[in-house]
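Here's the structure, in structure tokens; my notes come after.
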Amino acid sequence: MVGNLCPKPKNNLLQNYTKSLNLKVDRSSSWLFEVFDGDKSCAVDLGNWSCSCRIWKINGIPCNHARAAIESKGLSIYDFCDSYNKVKNYRRAYAVVVNSIPTFDIDTDLPHSNGDIIRPPDVRSQPGRKRTQRFRSQVKKRVIKCAWCHNPGHNHRKFKEVI
């Protein structure tokens, strides 16, 4: 990896850059900004690394509102990204060698503290008939047929014709 940020946060910053091009920024104080996105406005505080849309706090990289405020002040966008998104910390996290635990030399006859071996609980089926769960779409509805005329839709009790 080359650069300051890991690939995913870098792609998110590029997407935020295209979204921040048509935003209007008004400066409230040296670190407070109001960013207008069409008919909505967001309050950006560069001192606390926060935006009213709260995406900056969730992702750890500046949202499009914060990016517009940072660029209007002329600061570097990489200084406002959390450290866990940076390549330096990624390399430091994976610099340590992680050894696997071999399972072929584990002794199964190890003595336990009280001498008992912990076994899984007994699973016994409950008395009575097991309940089956059916899906309504798979159950076919029985069609009623008349015993006398053999036509579907009624039974012999509803049969009205004379035999």
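The values are calculated or read from the model by the stated rules, or taken from the named source; none is laboratory data. Everything quoted here is computed from the prediction, not taken from an experiment. Positions of Cβ are generated from backbone atoms using ideal geometry, with glycine treated the same way; all protein chains shown enter the neighbour counts.
At a glance:
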read-out	value
Test: G115 is modelled with pLDDT of 85 or more and assigned to a loop (DSSP other than H, G, I, E, B)	no
Selection within the range 50-73 - part of a helix (DSSP H, G or I), β-branched (V, I, T) and either at positive phi or in contact (Cβ under 8 Å) with a residue 12 or more places away in the chain (or both)	I70
Candidate set: the range 136-147, residues that are part of a loop (DSSP other than H, G, I, E, B) and modelled with pLDDT of 70 or more; chosen: the one nearest to F159 (Cα to Cα)	C146
Residues satisfying the stated conditions in the range 1-27, i.e. loosely packed, with under 12 Cβ neighbours inside 10 Å and small (G, A, S)	G3
